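These notes concern the structure reproduced below.
We did not get these values from a lab; they are worked out from the coordinates using the rules stated. Only a predicted model underlies this, so the values are computations on that prediction, with no experimental measurement involved. A quick note on method: Cβ atoms are made from the backbone with ideal geometry, for glycine too, and the neighbour counts reach across all protein chains shown.
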Amino acid sequence: MIRLSNLDRYFQTGPTRTYVLRRITLEINEGEFVTIMGPSGAGKSTLLSILGMLDSAWSGEYFFVGEAVHSLPPKKRVELNKRYIGFVFQKYHLIDDLTVYENLEIPLSYRDIKPKERAGIVAETLDRFQIVGKKDLFPSQLSGGQQQLVGVARAVIAQPKLLLADEPTGNLHSAQGEEIMELFTRLNRQGTTIVQVTHSEKNASYGHRTINLRDGWIVEPELVPGV
Amino acid sequence: MDTLLKDLRFAWRRLRRTPGFTLVAVAALALGLGATTTIFTVVNGVLLRPLPYRAANRLANIWNDLGEGAGMAQSRFSVILMTTFGGIALALAAIGIFGVISYSVAQRTREFGIRMALGERPYQTGLSVVLRGMRLVGISLGLGLLGALAASRLLAGLLYGVHAGDPLTFIAIAALLSLVALVACCLPARRAASVDPMVALRAE
C-alpha cells in the first residue's frame, strides 16, 4: 500500500539545511497496523503528515496504492487523501462550533455525497460508535475520551483504507486510552490499515511491528511485514 | 440549500460566541458604509446632478461672466473636497472590512487546518472566507444604508438638491461598496487558502 524510497524532508534557513527526515525507505502493506516510535523531534509526526499528503515539501519517492505521489500535482494528492486516508489527532481537533453530528458530517461534505445519503452514514456511524445520545452536543460538553471517540468516528466515517493516528491517546487517561486502542484493533481487523505515532510501548504492542525513528533516520532495519 | 443553511447556522454560532467583537465589527462597518453612502448622496445631490432649470450651465456661466471667479473656484473646491471625503470614507470602509475579515481568518486558522486535513480543497477554504465576509458586509451594508437613509432625510432639509433615499445613488453605492468589500475579502481568503494544515494543527 505504501512504499517510501530515500525520502528526505528538510527545512532551509538561509544557507543552513536542517534535516527532519533522512533517506526514509519503508514499506507498509494493506491490513497492517504499524507503530512509529522515537523521541520528540525524531520526525514521527512529519513522516505521518507526509504519508497523509498534508506535507508536500519533501524529496524522494512515495508510492501510495500504486500511485507515484512524488510526481502528482497537489490537487491530485488532496484527492488521494480524500479517497483513502483518515486522520486521528492527539488533540482531537474537533470543530468547537459544530455538534458531534455536524463534526462527523464534515469529511462526507467534501466527498460529493448527497445530503440524504450523508445523514444515513452519520446515523450509522453514531450507532456503531454508540454515541447517538451525544449527537447534539458540542465538543466542549464531552470528556477527552468521548472527544477522541468522535475524532476516530470522524476519521473512519468516509471508510478510509488508511488510518493515520498521531499520538491518539496522548491526552487521555489510561482506561480511555485502552478503549481507543481496542477500537483501533477492531478497525484493523475489519481491514483498515493503521499507522500510529506513539511514545507508549503499551500502545505499540497493539500493532504488528514498530518503526523506530531517531534524528530523522530509521534506526532499526525494517522487519518483514507479518500480518 | 442544505449546505447554505448549515453554513448560516455555523456562522451564527461563531458570531454569538464573540458578541462584543461582532457588535463592534458590524457597527463599525455599518457606520463606515453608511457614511460613505451619505457623502456620495450629498456629492450627487449638490455637486453632480444638474440644477433643475433649463440651461443650468448658463446660470453658472453668468456667474462666471460677472467676474465671480472665486465662486467658480469655490464650487470646484467643494467638488474636490467632497469627493476626497467620499474616497477616504470608501477607503476606510475597505480597510475596515479587510481588518475584520483578516482577524476572523487569524482566529480560524486551526479550523482551516482541520478542514483541509479532512479533505477540504484550498479553493473551498478561500470561498468560504469570501462568503462569510460578504455575509457580514451584507448585514453591515443593510444597517449602513438604513443609517444613510436617515442621514440623507436630515440633510435634505438642510441642503438644496439632496433627496432622501435617492434609489439610484443607493443602488450604485451598494454595488460599489460590495465590489470593494469583495476585493477586501480576497486577500484574507487567499491567506486562508494557503494555510499549511500541519502547521495550523501544531500551532495550537
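In which sequence would B:Phe21, A:Phe87 go, from the one with the fewest C-beta neighbours within 10 Å to the one with the most?
B:Phe21, A:Phe87
Tell me, what is a quarter of the convex hull surface for the C-alpha atoms of the protein assembly as shown, in nm² with one decimal?
28.2
Report for chain A the percent antiparallel among DSSP-assigned beta bridges with both residues inside it, nearest 5.
For chain A, the DSSP antiparallel bridge percentage is about 50.
Please report the relative contact order for chain A, taking Cα pairs under 8 Å with a sequence separation of at least 6, and give it as a percent rounded to a whole number.
31
Relative to the first principal axis of the alpha-carbon coordinates of chain A, what is the inclination of helix A:100-109, with its axis defined by its Cα atoms, in degrees from 0 to 90 and to the nearest 10?
60
As I understand it, the dipole of the range A:14-159 uses +1 on the Cβ of Lys and Arg and -1 on the Cβ of Asp and Glu, about the Cα centre. Which of A:Ile95, A:Phe63, A:Gly41 lies farthest toward its positive end?
Sorting the options by dipole projection puts first A:Gly41.
For helix A:144-156, report the angle its Cα long axis makes with the longest principal axis of the Cα atoms of chain A; keep it between 0 and 90° and round to the nearest 10°.
The two axes meet at around 80 degrees.
Under a point-charge model restricted to the Cβ atoms of Lys and Arg (+1) and Asp and Glu (-1), what is the dipole moment magnitude of the range A:23-82 relative to its Cα centre, in debye to the nearest 20?
260
Once every Cα of the range B:78-204 carries one equal point scatterer and solvent is ignored, give the base-10 log of I(q)/I(0) from the Debye formula at q = 0.11, 0.15, 0.16 Å⁻¹, two decimals.
Debye curve over Cα of the range B:78-204, log10 I(q)/I(0) at q = 0.11, 0.15, 0.16 Å⁻¹: -0.50, -0.75, -0.81.
Quick check on the protein assembly as shown: helices-only [θ] at 222 nm, where DSSP H runs of length 4 and up contribute -39,500 (n - 2.57) each and the sum goes over total residues. Nearest 500, please.
Result for the protein assembly as shown: -18500 deg cm²/dmol, rounded to the nearest 500.
About the Cα centre of the protein assembly as shown, what is the dipole size in debye to 20, counting +1 per Lys and Arg Cβ and -1 per Asp and Glu Cβ, all else neutral?
In debye, rounded to 20, the protein assembly as shown gives about 840.
Please grab the % of Cα pairs in chain A that end up more than 24 Å from each other.
44
For A:Lys161, list the aspartates and glutamates whose Cα falls under 16 Å from its own Cα; do not include residues on the same chain fewer than 8 positions away.
A:Glu27, A:Glu30, A:Glu32, A:Glu67, A:Glu79
Using only C-alpha positions, report the orientation-averaged shadow area of the convex hull of the range A:32-86, nm², one decimal.
4.4
Can you pick out the pairs among A:Lys44/B:Lys6; A:Lys114/A:Lys202; A:Lys114/A:Lys134 whose Cα atoms lie more than 31 Å from each other?
A:Lys44/B:Lys6; A:Lys114/A:Lys202
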